[in-house]
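No lab work stands behind these numbers, since they all come straight from the coordinates. Values in this document were obtained by computation on a predicted structure and should not be read as measured data. Cβ coordinates were reconstructed from backbone atoms using ideal geometry, including for glycine residues, and neighbour counts include every protein chain displayed.
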Amino acid sequence: MKQLMCVVMPCVLALSANAQANLPEFGVFTTQEKTMTGVDFDKGAEAVVIFDIGRAGNNDDYSLVVERRIRLKVLKEKGKERGNIEIPFFSKDNFENIVNIEGVVYSVDENGSPVITELKKADIYKQKENDRISMIRFAMPNVQVGSIIEYRYQSNNQHYGGLEDWFFQRDIPTMYSSFFLSVPANLEFTYNVHKSLDLPIKIDNQTKNGSVKFEMSNIAGLGDEPFMDAAKDFLQYVEFKFSGYMSRSGGKINYMSTWKESARELMTQNYFGSQLDKKLSNTDELIAGFKAIEPEEKRIEAIKQYIFKNISWNGYKLKFIDNSLKEVWEKKKGNSGEINLLMANLMRGSNLKAYPLLVSERKNGLVGTDFPILSQFNKTLVYIEAGGNKYVVDGTDEYTPIKLVPENVLNTKGFLVDVKEARVIDLNDEKYTRNNMINVVYEITGNNQLKGEAVTTSADYARIDRGRFYKQNKDKFVGRYFVSQYPGLSIDSFAVQQLDDELAPLEQYISFSAPLQSNGDYKLLPINQFTGLEVNPFLNDNRFSTINFGNKQNLNIIEQFVLPDNMKPEALPESVVLYMPEKSMVFGRTVSLDEGIVTVQLSLKINRPVYKASEYVVLKEFYKKMFAYLDEQIVLTSK
């Protein structure tokens, strides 16, 4: 994805400077819009955005004012849901308000006559989502297949810090999208454009009067793709940041223009760094106990466990502090940022090199490193260097041992916040994998049943996944990991061991029976059981997003089929090995027969967790062949 970078110089413009003379007036619909049944650049879409227009400028108080106008058409039954509108806004301290909401729907009645229905003020609701964010919700009236929906509103913000990125693309196609920005005379903005090389963009940057306008057309929708991170990473959008302001003397002052400057600024703030080294009440004995723990790895684990067991998480995932750490310590409750900064405080007091680490979870979006844009981070963790090792720890995470990087930030970047050590770091894990070892023994009974016993050993990241799911969904565990792949499976017994030892592999024992599949006089033995590879996820012709498996993976299965004396394999499937380029992914299958026992060994190693969209064709072909081998069955016949 290409990035274009530029600066918007200061100016003051009237908000009406971006009037779109070529667009129809609000509530006036063209013949082309009324008769349109789809778009060539994204066939089969449930709805299409006809245009999405944004204009940002300032009022007489130099506060940020953003006007938004959206028109879309419903093409299919599912598209009717697009009439349910949600507008989030930052309501804390009355920072942002949404006003001047208007809506109209064009439809056709049973006689083919046009019907215009306006949105009523009484049908507009404001609801508080949390202590920071509220939501405007309304349902557009009389929405049908073929309806054209249009609405507009105005967002009033206390200052330009409320300027949000502009997205040209969404999950349905967009015919035209534009955004116009003007800024006050004392402010300077930098912008980055994120777009695919094959999609053109028009940028009109008026450096003399300090305005910029962006336009894109005919953009296909981006739907959900398997092993996809945040959709915004692959959407076409422009991001904004403050780069500086003009002082009263006329000189330019940069605003957090480097990562080190950002770190120095953050470390002085009461909502972040200044809290790190403040002494907490009644902690002398506790700190002395932590200091006595050796080696340092066990000290880190002890502090993490103390925080998790004694400080309750209120459920809010934030990067900054709402209350002082002294208040959090006394109340024994806080948001994720407060809990992790409190943990860093205790670690630093216990002679550990611990630093705040701003992160963006994979579902929140990738981190751009060209500029220190703090809004791209959504959480604070703790980074520790001890005993020659590096640790990334989350005090709100019950399931991840300190030796592993939390899965929700794997393959991302974090901002280590410190006056001297400030830098952006890669959050990868080259050492540990998602490791599953499965051993299954089958016997064929006289009534054409398969009876078997299986032992699954899940280590490292596989242990986290299964351990978390078992504790949270015990009743669904067997169905998810065992029965789902063989619907006729009947469970005779099931047990889990080493559930509470997070450093030990999770062992799962299962006894089962299942009907033996037949085809005429032949019996069929399935070899793809308990692998987690039920369905090939890579069937689409095209791929727009990066494929992120999260971590390296190691899957090994050994299956033994004990045959009755009167049966034998008609033929054994061949042994095969598949490779991706540079052996980044390897699949193997071997099948052998010895003294009436058929042994099948399957293995899948994913040695590189992230693949570019440009590698999808090769990856898709690899999976196609692998699933063909997995779906082969061993055919038994009578001796």
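Taking other Cβ atoms within 10 Å as a rough exposure proxy, T31, T174 sort from fewest to most as T31, T174. Positive end of the dipole of the chain, charges at C-beta (+1 Lys, Arg; -1 Asp, Glu), about the Cα centre: which of M567, I303, I321 has its Cα farthest in that direction? Of the listed residues, the answer is I321.
Compute the length gained on full extension between F41 and A571: take 0.36 nm times their separation in residues and subtract their Cα-Cα distance, giving the result in nm to one decimal. Mind dumping the intermediate values first?
Details: separation 530, 0.36 × 530 = 190.80 nm, distance 4.93 nm.
Contour length minus the Cα-Cα distance gives 185.9 nm.
Label positions at A292 and N100, each projected 7 Å from the Cα along the C-beta direction, are separated by 6.8 nm. Dividing the convex hull volume of the alpha-carbon atoms in region 17-146 by its residue count gives 145 Å³ per residue.
Each of E582 and N59 was given a label point 7 Å from its Cα along the Cα-to-Cβ line. The distance between the two points is 5.5 nm. Ranked for footprinting exposure by Cβ neighbours inside 10 Å, fewest first, T30, T400 give T30, T400.
Using only the C-alpha atoms, the convex hull of the chain corresponds to 206 Å³ per residue. For region 486-542 and region 600-639, what is the separation of their C-alpha centers, rounded to whole Å? Region 486-542 and region 600-639 have Cα centres separated by 17 Å. Within straight-line reach of K73, meaning a Cα separation under 28 Å, sit the following lysines at least 8 residues removed in sequence or on another chain: K34, K43, K120, K121, K126, K195, K202, K213, K232.
Over the chain, DSSP H runs of length four or greater, each weighted -39,500 (n - 2.57), average out per residue to a 222 nm ellipticity of -4000 deg cm²/dmol. On full extension, the segment bounded by K208 and V618 gains 142.7 nm, given 0.36 nm per residue less the C-alpha separation. Among the listed pairs K420/K552; K298/K332; K208/K319; K260/K612, those with a Cα-Cα distance over 28 Å are K420/K552; K208/K319; K260/K612.
Calculate, in nm to one decimal, what K471 and Q32 gain on full extension: separation in residues at 0.36 nm each, minus their alpha carbon distance.
Working: separation 439, 0.36 × 439 = 158.04 nm, distance 5.58 nm.
In short, 152.5 nm is gained.
On the beta carbon distance between S312 and R137, with R0 = 30 Å, the FRET formula returns roughly 0.45.
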